[in-house]
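J.: This is the structure, below, for whatever I ask next.
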Amino acid sequence: MRAIWKGAVSFGLVSIGVKLYSATEEKDIRFHQVHREDGGRIRYKRTCQVCGEEVTYDDIAKGYDIGGGEMVILTDEDFAELPLSSSRAIDVLEFVPAEQVDPILYNKAYFLEPEGTATKPYVLLRDALADSERVAIVKVALRQREQLATLRVREGVLLLNTMLWPDEIRKPDFGFLDEDLKVRPPELAMASSLIDSMAGEFEPDAFTDDYRAALQEVIDAKVEGREVVQPEEVEEAPAAAVDLMAALKASVERARSARGEAPAGGGGEPTPISAARSAQKKAAEKKAAKAPAKKTAEKTAEKKAAPKKAAPKKAAAKKAAPKKAAEGEKKPAAKKAAAKKAARKTA
């Protein structure tokens, strides 16, 4: 890892030199924008909207739009003169119980490493913080911005979690919050039962990013020239509309079945899931019973249809009979014509 910041933790009159490292990294698969025809990279130029010229990074400043087409331009010198007293210090403000910090405030995490001879005071602060079962609320300036943060212990290392300021958290404003919705006690009890049946210990390593793994497989197949075979997804039949209690009961049964537990109540009333399974079983039995009867009916139909095969020949014979009769009628007519012709020649 590469240190991105150096400073000191100010703990009362004690100053602890530290290096700051990013504690997290994104594992997303990144792509470049390329030309579809030849794979050439797409480049973007920084151009000025007023003069149309390309601008280098050295000539770029920060502008604040005050409306009406007016812009206030701030340079690096303006930022350098701001009163950031904690520019190179992590000032400990107070120690509070960890449960008092709302997780929505957390932003990004950083590891702190002791620098030089600061190892002993670093370990002292780490152990005292762990024994107190509290987190330190601190202020720190990172990337020219003062931030609120917490300091706690993780795997023997001090972890700095930057936080959002309270005014950066949006207030939820949704219509249903003003509605008078009442939950019945049996529904709440069944929901609590579902939570209990699905309770467990959180193990982050048990979860994986299936989409990223599938995408990486596609990329590897492209590199190796292999054909990517996608497994067919089985479409689930749309579930019948059930009320809230029935859905909760079915969910509890499914969760218990997944754990290998017996259904609650033994031979109680059937739930939508058990009813569906019984219906599927009966349908399969009916299908199996119909199969032999269907085969017998097909054989009987074949036997009945066998004598009828000679029918086309008789029909053909009937059709041929008029033809022969017609030919027989043509022969006397031909004889009469020949006799008349011979009589004419004699005359």
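J.: If I filter segment 174-186 down to residues being outside any helix (DSSP H, G or I) and more than 21 Å from Pro103 (Cβ to Cβ), which single residue comes out as most open to solvent (accessible area, probe 1.4 Å)?
T.: In the first step, residues of segment 174-186 are kept if they are outside any helix (DSSP H, G or I); the result is 174, 179-184.
This time we only want the ones that are more than 21 Å from Pro103 (Cβ to Cβ), so: 179-184.
Details: Glu179: 107, Asp180: 129, Leu181: 124, Lys182: 170, Val183: 104, Arg184: 125 Å².
Top of the filtered list is Lys182.
J.: Does Ser15 satisfy the condition of being surrounded by 11 or more Cβ atoms within 10 Å (Cβ to Cβ), closer than 30 Å to Glu217 by Cα, out of contact with any helix residue (DSSP H, G or I) (no Cβ under 6 Å at 6 or more places or on another chain) and not hydrophobic (A, V, I, L, M, F, W, C)?
T.: Working: surrounded by 11 or more Cβ atoms within 10 Å (Cβ to Cβ): yes; closer than 30 Å to Glu217 by Cα: no; out of contact with any helix residue (DSSP H, G or I) (no Cβ under 6 Å at 6 or more places or on another chain): yes; not hydrophobic (A, V, I, L, M, F, W, C): yes.
Here the answer is no, as Ser15 does not meet what is asked.
J.: Looking at segment 168-182 only, could you name the residues that are of a type in the set (Val, Ile, Thr) and without any contact (Cβ under 8 Å) to a residue 12 or more places away in the chain? I'd like the intermediate steps shown before the answer.
T.: From segment 168-182, those of a type in the set (Val, Ile, Thr) are 169; that's our starting set.
Of everything in segment 168-182, nothing turns out to be of a type in the set (Val, Ile, Thr) and without any contact (Cβ under 8 Å) to a residue 12 or more places away in the chain.
J.: Kindly provide the set of residues from segment 47-61 that are touching a Ser or Thr at 6+ places or on another chain (Cβ under 8 Å) and modelled with pLDDT of 90 or more, ordered by number.
T.: Answer for segment 47-61, where residues must be touching a Ser or Thr at 6+ places or on another chain (Cβ under 8 Å) and modelled with pLDDT of 90 or more: Glu53, Glu54, Val55.
J.: Of the residues Val242, Val234, Val228, which single one is under 30 Å from Phe31 (Cβ atoms), at pLDDT below 75 and outside any helix (DSSP H, G or I)? Explain how you work it out, then say what you get.
T.: Working: Val242 fails: under 30 Å from Phe31 (Cβ atoms); Val234 fails: under 30 Å from Phe31 (Cβ atoms).
Being under 30 Å from Phe31 (Cβ atoms), at pLDDT below 75 and outside any helix (DSSP H, G or I) holds for just one of Val242, Val234, Val228, which is Val228.
J.: Testing Val72 on (1) surrounded by 10 or more Cβ atoms within 10 Å (Cβ to Cβ); (2) among the β-branched types (Val, Ile, Thr); (3) within 41 Å of the chain's Cα centre (by Cα), one condition comes back false. Which one is that?
T.: Only one criterion is unmet by Val72, namely (3).
J.: How about segment 188-217: which of its residues are in contact (Cβ under 8 Å) with a residue 12 or more places away in the chain and under 30 Å from Phe31 (Cβ atoms)?
T.: If we filter segment 188-217 for residues that are in contact (Cβ under 8 Å) with a residue 12 or more places away in the chain, which is where we start, we get 190-191, 193-194, 197-198, 209, 212, 215-216.
Selection gives Asp209, Arg212, Leu215, Gln216.
J.: Okay, moving on. Among the numbered criteria (1) closer than 24 Å to Met163 by Cα; (2) at pLDDT below 90, which one does Phe95 miss?
T.: (2)
J.: Does Glu168 qualify as being within 30 Å of Lys139 (Cα to Cα), modelled with pLDDT of 85 or more and among the acidic types (Asp, Glu)? Break it down into steps so the answer makes sense when it comes.
T.: On the way: within 30 Å of Lys139 (Cα to Cα): yes; modelled with pLDDT of 85 or more: yes; among the acidic types (Asp, Glu): yes.
Yes; evaluated as a whole, the condition is true for this residue.
J.: Can I ask one more? For segment 19-34, name all the residues that are open to solvent by 70 Å² or more (accessible area, probe 1.4 Å) and not in a strand (DSSP E or B). Give the derivation first.
T.: Within segment 19-34, the subset open to solvent by 70 Å² or more (accessible area, probe 1.4 Å) is 24-28, 30-34.
Once the filter is applied, which keeps residues that are open to solvent by 70 Å² or more (accessible area, probe 1.4 Å) and not in a strand (DSSP E or B), segment 19-34 yields Thr24, Glu25, Glu26, Lys27, Asp28, Arg30, Phe31, His32, Gln33.
J.: I would also like to ask the following. Got a sec? Which of Tyr44, Tyr106 is out of contact with any Phe, Trp or Tyr (no Cβ under 9 Å at 6 or more places or on another chain) and either charged (D, E, K, R) or open to solvent by 100 Å² or more (accessible area, probe 1.4 Å) (or both)?
T.: Details: Tyr106 fails: either charged (D, E, K, R) or open to solvent by 100 Å² or more (accessible area, probe 1.4 Å) (or both).
Tyr44 is the lone residue from the list that is out of contact with any Phe, Trp or Tyr (no Cβ under 9 Å at 6 or more places or on another chain) and either charged (D, E, K, R) or open to solvent by 100 Å² or more (accessible area, probe 1.4 Å) (or both).
J.: So which residues in segment 119-167 are more than 36 Å from the chain's Cα centre (by Cα), under 22 Å from Tyr106 (Cα atoms) and free of Cβ contacts under 8 Å to residues at least 24 places away in the same chain, if there are any at all?
T.: Ala130
The values are calculated or read from the model by the stated rules, or taken from the named source; none is laboratory data. None of these values were measured; they are calculated from a predicted model. Positions of Cβ are backbone-derived with ideal geometry, glycine not excepted, and every protein chain shown enters the neighbour counts. Just so you know, the surface numbers come from the protein's heavy atoms only, side chains and all, with ligands and any DNA or RNA stripped out. Shrake-Rupley method; radii C 1.70, N 1.55, O 1.52, S 1.80 Å.
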